[in-house]
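Data block below; observations after.
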Amino acid sequence: MSTDVQRTRPTSDLTKSAREKHKQYLFPATIQYYQEPIVVTEAKGLRVSDADGNQYLDFFGGILTVSVGHANEKVNAAIKAQVDRLSHISTLYPTLPMVELAERLARITPGNLEQTYFTASGTEADETAVMMAELFTGRSEVIALRHGYSGRSTLAQSLTAQSSWRPLPTKVAGVKHAPTPYCYRCPMHLTYPSCGIACANDIEDIIRTTTTGRISAFLAEPIQGVGGFITPPPEYFEAAVGIIRKYGGVFICDEVQTGFGRTGSKMWGIEHWGVEPEIMTMAKGIANGLPLGVTICTPEIAASLKSLTISTFGGNPVSCAAGNATVQFIEEENLPANSETMGRRLRGGLEELKRRFPKNLGDVRGMGLMQAVELVVDETTRDRTPAKELTNRIFEEARKRGLLIGKGGLEGNAFRIAPPLTVDASEVDEALAILQESFEAAGAN
C-alpha cells in the first residue's frame with residue numbers, strides 16, 4: 001500500500017459542528033489529539049474512519065483498550081445478546097456474566113489471586129486495591145513509583161507522579177514515591193547493569209526514612225503506560241517486591257495497560273518478571289472498550305473487608321458479557337503469541353528507525369505490542385533534552401499519512417505504539433513505512 005500523504009477530504013459541516021460543541025460543552029482540559037482533531041465515526045478491525053470520510057490505521061487502540069479489534073464480531077454478538085436479556089441490575093444481585101467472568105479471571109491470573117471486586121474504571125480498581133491492602137495490613141502508607149499514573153480521583157492523583165496530570169497537590173499523606181526504573185534516564189545517574197538495580201534498593205531507604213517503617217503496599221505498573229512505556233530491567237521486581245514484603249507490605253500490580261497478552265507470550269505483564277502479586281488491578285483491554293474495572297486478590301485479603309459494599313455499575317452485565325467474550329477470544333486465538341510475534345516485527349522496524357535517525361531517536365523500549373520510541377535533541381552527543389517540537393511534527397505527519405499513535409512520557413516526547421492484539425504483519429509493515437516517511441517529513445535526523 002502506498003504511504004504517500006493521503007488525500008485529506010474537505011472538512012465537513014459535521015466535523016465543524018462536533019469540534020464546536022466539544023469546545024462549548026466539554027471541560028477545556030479534556031485533551032484532544034492533533035491540531036485539527038479528527039471526529040471518529042466508525043471503525044472495524046484496525047481501521048478507523050472520521051466524519052469526513054478519511055481512514056486511519058489505528059496503532060493506539062483507544063489507549064490500549066481495543067484489544068481484539070474494533071467492532072469484533074464475537075464480542076459485539078455477546079454484547080447485543082446481553083442487552084436484549086439484561087442490561088443493568090447492580091451488584092446487589094448475582095448475574096451469570098459477572099460470576100462467569102470472576103471465575104475466568106481466577107483461572108487465568110497468577111498465584112493465589114481468586115476473588116474479584118468489579119468497578120467501572122481503572123481508577124476505581126486502584127482505589128479498591130489500596131483500600132484492601134490497608135485493611136489487610138492494618139497500615140496506611142503506600143509506595144508508588146515516579147512517572148506512574150493511576151487515574152483521576154484524589155487518591156489516584158496522589159499515587160500519580162507526573163505533574164502535568166495532577167491538578168491538585170497531594171491530598172493523601174501516606175503516599176511515598178520511589179525512583180522509577182527508567183534506565184534511559186536513570187534517576188540515580190548510573191548505568192545498567194553495573195548500577196546493581198540501585199533504584200529498587202533505594203525503596204528500602206525510602207521506607208526507613210520517610211515512613212513509619214510499616215507500609216501497606218507497593219503499587220506499580222509492570223511497564224509504565226502514561227509514563228512512556230518505561231520498562232524495568234529483568235531483576236527489578238524481584239528486588240523491589242522483596243523489600244516491600246520485608247517491611248510487611250503487599251504488592252499491588254497494576255495491569256490496566258499491560259494485561260491480557262499485551263506484552264507478548266504471557267497473559268500478564270508481571271509474568272515476565274516472575275513475581276506473583278497479592279493484588280492485581282485491570283481495566284482497558286478486558287472488555288474491548290466497554291467500561292469495566294477489576295480488583296482481584298487472595299481470599300485472605302478479600303476477607304479483610306468487613307463493611308457493607310456495592311458497586312452500582314461495577315460488574316454490569318453488558319460489560320461483563322463483553323469481558324467474557326474478549327478474554328475468550330484472546331485465549332482461543334492465542335493472541336499473547338501473536339503479540340509476541342508481531343511485537344518482534346514491530347520492534348525490529350523501530351530499531352531500524354533508530355539506525356536511520358540516530359540523532360533524534362534516542363530510545364526504543366517495551367515488550368510485545370507495547371512499544372515506545374523517545375525523541376531527543378541529539379543522542380549522538382548524549383544531549384537527551386526532550387525534542388518536543390519534533391515529536392509533535394512527526395505526530396501530525398503520521399496522522400496526515402493515515403496512522404494513529406499515542407504520546408506519553410513526562411515531557412510528552414515519547415510515542416506509544418500499541419495496536420490491537422489482532423494486528424497482522426502487513427499492518428505492522430504499513431505502520432512502520434508511515435512512521436519512516438513521517439520522521440523524514442518532519443526533519444528528523
I'd like the distance between the alpha-carbon centres of the range 393-414 and the range 95-173, rounded to an integer number of Å.
29 Å
As a footprinting exposure proxy, order Y56, Y192, Y93, Y34 by other Cβ within 10 Å, with the fewest listed first.
Y93, Y34, Y192, Y56
Taking the alpha-carbon centre of each part, the distance from the range 18-62 to the range 178-241 in Å is 36 Å
Mind checking the full-extension length gain between D205 and T309? Use 0.36 nm per residue of separation minus the Cα-Cα distance, one decimal, nm.
33.8 nm
If you wrap the range 275-413's Cα atoms in a convex hull and average its projection over all directions, what's the area in nm²?
12.5 nm²
Want the number for V83 to H189: 0.36 nm per residue separation, take away the alpha-carbon distance, what's left?
32.7 nm
First obtain the Kirkwood hydrodynamic radius of the range 73-332 from its Cα pairs, then insert it into the Stokes-Einstein equation at 37 °C and 0.692 mPa s, and state the resulting D in µm² per second as a whole number.
176 µm²/s
Between K21 and N445, what is 0.36 nm times their sequence separation minus the Cα-Cα distance? Round to one decimal in nm.
148.7 nm
First select every other residue whose beta carbon is under 12 angstrom from the beta carbon of D202; then total the charges, Lys and Arg +1, Asp and Glu -1.
+1
Of F260, F60, F136, which is the most mobile in a GNM of the chain whose springs link Cα atoms less than 10 angstrom apart?
F136
Shape descriptors of the range 332-430 over alpha-carbon atoms, Rg and Dmax in angstrom, are 13.9, 48
Run the simple label-point estimate for E36 and V172 please: 7 Å along Cα→C-beta, distance reported in nm.
4.3 nm
Along the charge dipole of the chain, which of A129, A325, M267 sits closest to the positive end, that is, farthest toward it, with unit charges on the beta carbon of Lys, Arg, Asp and Glu (+1, +1, -1, -1)?
A129
Which of the peptides 76-86, 324-334, 220-230, 164-174 is most tightly packed, and how do the rest follow, judged by the mean count of other Cβ atoms within 10 Å per residue?
220-230, 324-334, 76-86, 164-174
If each DSSP helix of 4+ residues adds -39,500 (n - 2.57) and the sum is divided by the residues in the chain, what number results at 222 nm, nearest 500 deg cm²/dmol?
-11500 deg cm²/dmol
Radius 14 Å from Cβ of G274, net charge of other residues (Lys, Arg +1; Asp, Glu -1)
-3
One finds, for T11 and A106 with R0 = 56 angstrom and r their Cβ-Cβ distance, a FRET efficiency to the nearest 0.05 of 0.65
Mind jotting down the three principal axis lengths of the chain based on Cα atoms? Whole angstrom, largest first.
60, 60, 43
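Where a number appears in this text, it was derived from the coordinates with a stated rule and is not lab data. Because the structure is a prediction, the values reported are computed rather than measured. All Cβ positions, glycine included, derive from the backbone under ideal geometry; neighbour counts span all protein chains shown.
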